[in-house]
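This report refers to the structure that appears directly beneath it.
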Amino acid sequence: MSKASKNEGFEALRDAILIRKKVTNVLRVLALRSQKKRFETFDGLLATAKTDEEITRAKEIIMEERFNSWLIKEECKAVAQACLNLTGSLRTANTIWPTYMDELTERRIYMDRALGACNVLQDELQYIAESVYADKNKFTALVLEIETLFKKIKSVRQADNRFLKTIKDVVSKD
């Protein structure tokens with residue numbers, strides 16, 4: 001592996017880890033804000049509701065806030081899993097030094113999984129930004145960073161074609 005390509009691979013992994021940290025921080029703020037809003041809503045509505053109509057409306061709002069909290073929790077799990085898949089796939093791909101075609105194929109599969117994780121992460125962040133009250137600017141910045149990482153991973157994957165010149169066209173002996 002040429003020094004530039006090797007460094008790009010490590011750079012992609014480093015960037016993925018940094019993105020994972022940023023995503024975690026944004027989701028932490030979102031989850032805490034959701035909890036705070038839920039508690040404030042519960043306390044305020046139930047304390048001020050006097051008529052049956054007000055009590056019914058308060059209960060509807062509370063159920064909606066419970067759903068929003070559940071949705072945020074589930075989306076946080078999905079995003080955390082996508083981040084884990086992204087960094088794990090990149091790390092695994094970086095550990096494979098292909099000598100045989102099946103090793104090159106395996107490395108490429110892990111790179112493809114990392115690319116797929118980027119797509120899932122972008123989709124989930126976009127969904128959260130549109131479905132849940134959130135600062136869309138923070139999500140947009142993250143999505144753009146993920147797009148840059150996606151391009152970097154594709155570049156590393158394309159650079160792997162250099163292995164084709166020296167690859168042994170037999171099944172590896174493990």
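The values are calculated or read from the model by the stated rules, or taken from the named source; none is laboratory data. Only a predicted model underlies this, so the values are computations on that prediction, with no experimental measurement involved. Backbone-built Cβ (ideal geometry, glycine too); neighbour counts: all protein chains shown. Protein only, heavy atoms only, side chains kept; ligands, DNA and RNA dropped before computing areas. Shrake-Rupley method; radii C 1.70, N 1.55, O 1.52, S 1.80 Å.
In straight Cα distance, which lysines are under 20 Å from LYS59, not counting same-chain residues fewer than 8 positions off?
Here the lysines satisfying the reach criterion relative to LYS59 are LYS36, LYS37, LYS50.
Which one, GLU75, GLU124, GLU53, has the greatest fluctuation when you compute a Gaussian network model over the chain with C-alpha springs under 10 angstrom?
Greatest mean-square fluctuation among the candidates belongs to GLU53.
Counting pairs of alpha carbon atoms under 8 Å apart in space and at least six apart in sequence, what relative contact order in percent does the chain give? The partial results should precede the final answer.
Working: 148 pairs, mean separation 50.8, N = 174.
Dividing the mean separation by the residue count of the chain yields 29 percent.
For the chain, set up a Gaussian network in which alpha carbons nearer than 10 Å are linked by springs, and say which option among GLY116, GLY88, GLY44 fluctuates the most.
GLY44
In a GNM of the chain with a 10 Å cut-off on Cα contacts, which of VAL143, VAL79, VAL26 has the highest mean-square fluctuation?
Of the options given, VAL26 has the highest mean-square fluctuation.
Net charge near VAL26: determine it from the other residues with C-beta under 13 Å of the C-beta of VAL26, scoring Lys and Arg +1 and Asp and Glu -1.
+3
According to the Kirkwood expression over distinct Cα-Cα pairs, how big is the hydrodynamic radius of the range 54-151, in Å? Mind dumping the intermediate values first?
Values: mean 1/r = 0.0643 Å⁻¹.
Evaluated on the range 54-151, it is 15.5 Å.
Name the long-range amide H neighbours of TYR100: under 5 Å, sequence gap of 5 or more, or other chain; modelled H, no Pro or chain starts.
Long-range HN contacts for TYR100: LYS168.
If R₀ is 35 angstrom, what is the calculated FRET efficiency for the pair GLU40 and LEU84, using the beta carbon separation as r and rounding to 0.05? Display every interim value, and only then the final one.
On the way: r = 33 Å, r/R0 = 0.93.
Computed FRET efficiency for GLU40 and LEU84: 0.60.
Show me, for the range 17-32, the HN-Hα J-couplings you get by feeding each phi into the Karplus relation (A = 6.51, B = -1.76, C = 1.60, θ = phi - 60°), rounded to Hz, glycine and proline as x.
The phi angles translate into 5, 5, 4, 4, 5, 5, 4, 4, 5, 5, 5, 4, 4, 4, 5, 5 Hz.
Given the protein chains as shown and a 1.4 Å probe, how many square angstrom of ARG66 are accessible, to the nearest 10?
Here the accessible area works out near 130 Å².
Can you give the Kirkwood hydrodynamic radius of the chain from its Cα pairs, in Å with one decimal? Please list the in-between numbers first.
Numbers: mean 1/r = 0.0538 Å⁻¹.
When all Cα pairs of the chain are included, the Kirkwood radius is 18.6 Å.
About the Cα centre, and with charges only on the beta carbon of Lys, Arg (+1) and Asp, Glu (-1), how big is the dipole of the chain? Nearest 20 debye, please. Write out the running numbers ahead of the final one.
Details: 31 positive and 26 negative charges, 178 e Å.
Here the chain has a charge dipole of around 860 debye.
Given only helices, namely DSSP H runs of n ≥ 4 each adding -39500 (n - 2.57), what is the per-residue ellipticity at 222 nm of the chain, to the nearest 500 deg cm²/dmol?
-30500 deg cm²/dmol, from helical runs alone.
Once you put a point 7 Å from the Cα of ARG91 and another 7 Å from the Cα of TYR127, both along the Cβ direction, what distance in nm separates them?
2.5 nm
On the accessible surface of the chain, probed at 1.4 Å, how many percent belong to carbon and sulfur atoms?
On the way: 5920 of 10850 Å².
Within the chain, the accessible surface is 55 percent carbon and sulfur.
Leaving out ligands and nucleic acids, note down the accessible area per residue over the chain with a 1.4 angstrom probe, in whole Å².
Details: 10850 Å² over 174 residues.
Dividing the accessible area of the chain by its residue count gives 62 Å².
Provide, for the range 72-174, the number of lysine pairs with alpha carbons under 28 Å apart, each pair being eight or more places apart or on different chains.
Lysine pairs meeting the criterion: 19.
For the range 33-43, in order, what is each residue's ³J(HN,Hα) by Karplus, 6.51 cos²θ - 1.76 cosθ + 1.60 with θ = phi - 60°, in whole Hz (x at glycine and Pro)?
Per residue, the Karplus-derived 3J(HN,Hα) values read 5, 5, 4, 4, 4, 4, 5, 4, 5, 4, 5 Hz.
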